[in-house]
């Protein structure tokens, strides 16, 4: 699997994640191979789904009328979405590698890339709901997908990074803590930019 860790493994990642974790622990996937063969596609799919859904159905935020934007604004939002996902993936992998020595875990960048990729797979599958971007339906699907991803992180990290269960749980919690802080920071920056008029304008 080290040389063929690609998007073609998606069904196995979703249906047999423990087997994938065990194989990753034996192999040494390269960071570039994991990124360009698998992770990049996981990052591209949600913005593509969001763009298609927004252009066809508009953003549906509840009882209000759907919001439609010109294609170039929707494309810009989808591109920013891809940038945020890419930053989240890369920063989580590098932060995990940085803290690995503290938890006596594997410091191989490829292993960290592979772990974060597998953990993010359920969220990518859940993002299929972006094809019909109704906020309630997306929450109903993505919350269980997020829980599934967290479960994979807690169970897979000790295996892939070759550390004991207790340290693995602490490290997984630290990674989740970082991602929560990053999410809140991103939301704060978005609100700040929007308040300065940088972003799509919504007429009321």
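We did not get these values from a lab; they are worked out from the coordinates using the rules stated. Since we're looking at a predicted model, the values are computed, not measured. Cβ atoms come from the backbone with ideal geometry, glycine included; neighbour counts cover every protein chain shown.
Things to note:
- Whole-angstrom Cα spans of the range 29-82 along principal axes, big to small: 48, 22, 15
- Two-decimal Rg to Rh for the range 117-163 - Kirkwood Rh, Cα set: 1.12
- Taking all pairs of distinct alpha-carbon atoms in the range 46-141, Kirkwood radius in angstrom: 15.0
- Inter-centroid distance (Cα atoms) of the range 117-158 relative to the range 67-91, Å: 18
- From its DSSP helices (H runs of at least four residues, each -39,500 (n - 2.57)), the chain gives a residue-normalised ellipticity at 222 nm of -23500 deg cm²/dmol.
- Rounded to 10°, Cα long-axis angle of helix 109-126 versus longest principal axis of the chain: 40
- Rounded to 10°, Cα long-axis angle of helix 71-100 versus longest principal axis of the chain: 20
- Given R0 = 30 Å, the distance between the Cβ atoms of residue 179 and residue 56 translates into a calculated FRET efficiency of 0.45.
- Between 0 and 90°, nearest 10: helix 17-26 axis offset from the chain longest Cα axis: 50
- log₁₀ of I(q)/I(0) at q = 0.11 Å⁻¹ - the range 7-195, Debye sum with one point per alpha carbon: -0.52
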